[in-house]
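Q: Have a look at this one before I ask anything.
The values are calculated or read from the model by the stated rules, or taken from the named source; none is laboratory data. Just so you know, these numbers come straight off a predicted model, no measurement behind them. A quick note on method: Cβ atoms are made from the backbone with ideal geometry, for glycine too, and the neighbour counts reach across all protein chains shown. Surface accessibility is based on the protein's heavy atoms, side chains included, excluding ligands, DNA and RNA. Shrake-Rupley method; radii C 1.70, N 1.55, O 1.52, S 1.80 Å.
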Amino acid sequence: MSSIDTATGQEAPEELSKERVRSIFAQIARRYELFNAVSSFGAYRLWLARMAAQVPVDPQAQVLDLAGGAGDVTFTVARKVRPAHIHCTDLVDDMLNVARERYERGEASGVPVSFQVVDAQRIPFDSERFDAVTMAYGIRNIPDRDQALREALRVLKPGGTFVCLEFSTPRNPLWNGLYNFYLDHLIPFWGKVITGDRDGFVYLSQSIKAFPRQDAFADMMRAAGFERVEWQNCTGGIVAVHVGRRPHGTCAPQRAQG
Ligand SMILES: C[S@@+](CC[C@H](N)C(=O)[O-])C[C@H]1O[C@@H](n2cnc3c(N)ncnc32)[C@H](O)[C@@H]1O
């Protein structure tokens, strides 16, 4: 296993990053949606729609949403793709509680959704179970990303699709400079104003800067076993939607231990 500190990218025990994200997301769960809306000037909805457009439309499809949090991806996919069922999962039950309440309010528009605490590094489902696996803003928070990618591949059916939305690196140097200024100064400000937790948003900025660029993350996906890996930049590369498929005719990778 190769665990890192997700704030710096340096090697570190898994528990360091895992406990940090547990504590941050348990604290900000109820203000998370508002923070997203304000800090992205509403663009997060556009990014979610771009992500959902990559999930193949199939009324029989079984979908797994990893790091599903308060359910934004689950509900967007439910409304736009209308699969047979979505498993909305996350490490932090406080985040899933927000998603459960949204589900009760009808945000899945009739698509059945179940909720479960799951560490994306050790997915407790059988191999080859899902037609699509989604993850938005999750992989950056995971200390052993290679293992999480292998687990996503394992639970996909051959030919199944992995769609991963994540903060990324703008290619235009001016836009990248502005973005970095925003990350350093305004993200912690908005975080403090909206959730009261400045430190959690200093972490958010650090983890975004430490996350691999689009091409490097695509290489990680290929190394995990995905094929036909591609990505689309949104808003000049502030975020990117990465897509990979599980090859046909390969044996399921071993289930992660631990
Ligand atoms: C920034 S939120 C994104 C939530 C949701 N996907 C969205 O788009 O709004 C990141 C989520 O990743 C979850 N997370 C962090 N580490 C995880 C892990 N190892 N396994 C599963 N979820 C994890 C956090 O609890 C948090 O809910």
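Q: Taking only pairs six or more apart or across chains, which ones have beta-carbon atoms under 6 Å, a first residue in region 204-218 that is closer than 25 Å to S23 by Cβ, and a second residue that is of a type in the set (S, T, Y)?
A: S207/T6; A210/T8
Q: Here's a follow-up. Can you name the residue in region 134-157 that is open to solvent by 10 Å² or more (accessible area, probe 1.4 Å) and assigned to a loop (DSSP other than H, G, I, E, B) and is also farthest from R213 (Cα to Cα) among such residues?
A: Only one residue fits best here, namely I142.
Q: Of everything in region 46-69, what is part of a loop (DSSP other than H, G, I, E, B), of a type outside the set (A, V, I, L, M) and more than 21 Å from A148 (Cβ to Cβ)? Give them in sequence order. Steps first, answer last, please.
A: So in region 46-69, the residues part of a loop (DSSP other than H, G, I, E, B) come out as 53-61, 67-69.
Still in the list and also of a type outside the set (A, V, I, L, M): 54, 56, 58-60, 68-69.
Answer for region 46-69, where residues must be part of a loop (DSSP other than H, G, I, E, B), of a type outside the set (A, V, I, L, M) and more than 21 Å from A148 (Cβ to Cβ): P56, D58, P59, Q60.
Q: L16 passes all but one of (1) farther than 19 Å from E166 by Cα; (2) within 9 Å of the ligand (Cβ to nearest atom); (3) among the aliphatic types (A, V, I, L, M); which number fails?
A: The number of the failed condition is (2).
Q: Please verify whether M95 is within 23 Å of A152 (Cα to Cα), modelled with pLDDT under 90 and among the aliphatic types (A, V, I, L, M), treating the condition exactly as stated. Lay out the reasoning, then the answer.
A: Details: within 23 Å of A152 (Cα to Cα): yes; modelled with pLDDT under 90: no; among the aliphatic types (A, V, I, L, M): yes.
No: the conditions fail for M95.
Q: For Y103, state whether it is open to solvent by 10 Å² or more (accessible area, probe 1.4 Å), more than 9 Å from the ligand (Cβ to nearest atom) and among the hydroxyl-bearing types (S, T, Y). Steps first, please.
A: Details: open to solvent by 10 Å² or more (accessible area, probe 1.4 Å): yes; more than 9 Å from the ligand (Cβ to nearest atom): yes; among the hydroxyl-bearing types (S, T, Y): yes.
Yes.
Q: Only one of R198, R171 is surrounded by fewer than 17 Cβ atoms within 10 Å (Cβ to Cβ) and either touching a Lys or Arg at 6+ places or on another chain (Cβ under 6 Å) or modelled with pLDDT of 95 or more (or both). Can you tell me which? Break it down into steps so the answer makes sense when it comes.
A: On the way: R171 fails: either touching a Lys or Arg at 6+ places or on another chain (Cβ under 6 Å) or modelled with pLDDT of 95 or more (or both).
Among R198, R171, only R198 is surrounded by fewer than 17 Cβ atoms within 10 Å (Cβ to Cβ) and either touching a Lys or Arg at 6+ places or on another chain (Cβ under 6 Å) or modelled with pLDDT of 95 or more (or both).
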